[in-house]
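Heads up: the structure comes next, in structure tokens.
The values are calculated or read from the model by the stated rules, or taken from the named source; none is laboratory data. Note that the coordinates shown come from a computational prediction; the quantities given were computed from them, not determined experimentally. Note: ideal-geometry Cβ built from the backbone for every residue, glycine included; neighbour counts use all protein chains shown.
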Amino acid sequence: MENLKFTLLLSLLLSGFPLLSSAQISLSAENMALGGGGTAYLTGYEALFVNPANLLIQEKNYSLQIALFQGGAYFDSQLPIASSRNRFNRYTGSIQPYDAIAENRMIEDGAREEILNRNYPNDRLFSYLQSQSDLYWFGMKWTGAEKSYALALRSRVSSQYEMGRGYFSSTPVDVNNETIVDQSFHHSYQTLHELSFGYAESFTFLNGLIPRLSEFIVGIAPKIVLSGPYLDAEYLNRYRYNEDMSQWVRQTEYSQKGSGYFSDPHFNPLQNQQFTNAPKASLSDLLKPTGIGMGLDLGITYLITFGSDLSVLRREDMPTEKSLRISFSITDLGAIYHYRDAEEFSAPFLEEDAAEPGLLSDLYFQGAPNEHISFLSQFSDSPFNRVDQMSQNSFETLLPTALNAGALFQINRLKVMGDISYTLTKTRFSANTPVAHLGIELRPLSFLPLRAGTRFAPNLPGYYSFGAGIETTYFDISAGVQLKSRSIGPTTEIMGASMVGIKFYIP
């Protein structure tokens, strides 16, 4: 058993260092308020999905933690939205199948320039936007002197899309000594329901090698994953200027996968059939999965206590209050098999001479499932006109595997934390780019945590986050909000918010 633990620890270290690693991997109230990291911070049942090793760390005395119906939402848009009510309506519209009749997505006068300034600063070639929500249906954690266990059910929904600058401006951009107008497009959407059970224990094989009050903790959390409707549509449509021939060259290619009601059997590009509105999503889809899979979350934490903190030796009656934590985790190892109403079609790669690109989009894009069909069909040379392959075979997809590293310094009423994450594959839930999170928690009163944080990532929108809570012996209440940041600093535009989360504790 000790050899197995040692092998697990070694493999985590070796895989973590080269790519010290995703966007927000948990939308719990505390995590959102601290900027979205949490690899070293989260110690409740949410740690199952972020770093299960932290389950062994206790920051208050209890034997059982219970929580119901907690979660949060994150939403960014191509154009600013004036009121919170309209923003909420736009958000709910982004996670429901697109209704071409009810929705008006026409670009108004002056809005095109605003889209460029907001999403393509400094002649950026692509914009990346996302909406996401997490709901923890229930969570439980029970602790012991040597091991801790947890059980939780989480649903998460995400829609993310990348769009080329060429949809809103025909002005070429110089990239690596090439002149490019890019109208490429990628939209992905998925719903996942995850039942996770995990545990953590002290890694005694290494603890005695270091002469201080410290310990290595290892955690593992396997999970069953049910997939809701799935969509992935990717369109290469790039114009390059050939200096030698004084001619534009166009490259195109298209592929799409879908399952559930997003596959929409009424839309068949091979037969030139028109898209019809799909049924609305509902919670009943939890009982009608379109795919099934398995996943695994793994983590290690090196916990160093100092001063009068003896929690490593007296975990059952002394919470951790003065410590340094260094954590590594691998989240979402696994795959899903999509079998219900599966559909794939594609148009082959084509490179040809082209006229100077000039047609711009008359529509902005919000990210609703199947909205891309209306968006791309506004052009006479849409990719659906060239589709030559179509199948209804089942297919597999990977979970959004990510490497995460974090550190947290805690002394009494102050915590300072930092995270860096990297998603190995570009998926619905994270950008394929390093993402850094910084956060701080200060308690002017012992029961009143005040939290703040931010996120840094290349080519991703930035934000600042704020939150607070009330923590007592028997329950905690927490909430958080994330505000979009611009070059001038924070704005009043809400990008993310968490529902008020209540956790109950039984001594």
Residues of the range 371-405 classified as farther than 30 Å from D297 by Cα and in contact with a strand residue (DSSP E or B) (Cβ under 7 Å, 6 or more places away or on another chain), total: 12
Search the range 340-363 for residues being modelled with pLDDT under 90 and out of contact with any strand residue (DSSP E or B) (no Cβ under 8 Å at 6 or more places or on another chain), and hand back the single one that is farthest from F49 (Cα to Cα). G358
Filter result for the condition that a residue is modelled with pLDDT of 80 or more and of a type in the set (S, T, Y), over Y98, Y41: Y41
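Matching residues to (1) touching a Ser or Thr at 6+ places or on another chain (Cβ under 8 Å); (2) modelled with pLDDT under 70; (3) among the β-branched types (V, I, T):
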site: V225; (1), (2), (3): no, no, yes
site: G260; (1), (2), (3): yes, no, no
site: S263; (1), (2), (3): no, no, no
site: F275; (1), (2), (3): yes, yes, no
site: L287; (1), (2), (3): no, yes, no
site: T290; (1), (2), (3): yes, no, yes
Taking interchain pairs and intrachain pairs at least six residues apart, which have beta carbon atoms under 8 angstrom, with the first residue in the range 78-96 and closer than 15 Å to M495 by Cβ and the second surrounded by 11 or more Cβ atoms within 10 Å (Cβ to Cβ) and hydroxyl-bearing (S, T, Y)? Q78/S127; Q78/Y364; L79/Y364; R87/S77; R90/S77; Y91/S131; S94/S131; S94/S159
Any chance the range 378-385 includes a residue that's exposed (fewer than 14 other Cβ atoms within 10 Å of the Cβ) and among the hydroxyl-bearing types (S, T, Y)? yes
Yes/no for Y337 being modelled with pLDDT of 95 or more and of a type in the set (F, W, Y): yes
Residue tally, condition modelled with pLDDT under 90 and among the hydrophobic types (A, V, I, L, M, F, W, C), over the range 232-251: 1
Which numbered condition K141 fails, given (1) crowded, with 18+ Cβ neighbours inside 10 Å; (2) basic (K, R); (3) closer than 16 Å to S169 by Cα: (3)
Tell me which of these L68 doesn't satisfy, since it passes every other one: (1) crowded, with 19+ Cβ neighbours inside 10 Å; (2) hydrophobic (A, V, I, L, M, F, W, C); (3) in contact with a strand residue (DSSP E or B) (Cβ under 6 Å, 6 or more places away or on another chain). (1)
